[in-house]
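Contents: one structure, followed by commentary.
The values are calculated or read from the model by the stated rules, or taken from the named source; none is laboratory data. Fair warning: this is a prediction, and the values are worked out from it, not measured in the lab. Don't worry about glycine lacking a Cβ; one is built from the backbone with ideal geometry, like all the others, and counts go over all protein chains shown. Accessible surface areas use protein heavy atoms only, side chains included; no ligands, DNA or RNA. Shrake-Rupley method; radii C 1.70, N 1.55, O 1.52, S 1.80 Å.
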Amino acid sequence: DVKVTQSSRYLVKRTGEKVFLECVQDMDHENMFWYRQDPGLGLRLIYFSYDVKMKEKGDIPEGYSVSREKKERFSLILESASTNQTSMYLCASSVGGYGTEAFFGQGTRLTVV
Amino acid sequence: GESVGLHLPTLSVQEGDNSIINCAYSNSASDYFIWYKQESGKGPQFIIDIRSNMDKRQGQRVTVLLNKTVKHLSLQIAATQPGDSAVYFCAEIPLFSGGYNKLIFGAGTRLAVHP
């Protein structure tokens, strides 16, 4: 089975802190994604990566950056956390090419106080 | 997590009945569609997919119907069980998304199954 693992289930951080959310997948997938999920808004794409060191902005990249130094690991960085970044963050991966499902991690619930 | 289901349309069904969850997608160029199930405290889990060259696809207790004319997708769950209670999302991949499988998600529907 594909496994996508997010390093933390729950995080509480202070406003202005630099926050790292880590995601690891074990299926050698080319594509990796970071989404945030808020009540009533569904899942919104923050950033995605289609190869090591390659990244593309999603729909809501402001306030975030990403890093992909190894194929299996994709990190989401909040440079200076703000309260409006309190959310559920979901990492996903998929094989390269078109039209394949994405596999999700269990999510990280981040609270910024 | 637990707050995912708040503010979402809710479908309430009796255990054993059939459920139909509907989704209107936005992009006429979308070529691939997926239904995901998200249980409380978990990430979305793949249920079934369908490509635009099909109208219907069946899985175990689930059927997805695609109507490209009106850009409508539905998920039918037969003999709904308490374990089916979750939030259900439809997702589409536009044909011209660069081959990166960029999923565009709907807002979701909460399915509540009552005994």
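The table below gives the values:
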| quantity | calculated |
| --- | --- |
| Accessible area expressed per residue, chain B, with surrounding protein chains retained (probe 1.4 Å, Å²) | 48 Å² |
| Whole-Å semi-axes of the protein assembly as shown's equivalent ellipsoid (Cα gyration tensor) | 29, 21, 15 |
| Distance in nm between pseudo-label sites at residue A:62 and residue B:27 (7 Å out along the Cβ direction from Cα) | 2.2 nm |
| Trypsin sites (Lys or Arg not before Pro) restricted to DSSP loop in segment A:47-80 with at most 10 other C-beta within 10 Å | A:53 |
| Computed P(r) (all Cα pairs; chain A; 10 Å bins; percent) | 15, 51, 29, 5, 0 |
| Derived scalar couplings ³J(HN,Hα) [segment B:19-29; Karplus, 6.51 cos²θ - 1.76 cosθ + 1.60; whole Hz; x for Gly, Pro] | 10, 10, 10, 10, 8, 9, 9, 9, 10, 5, 8 |
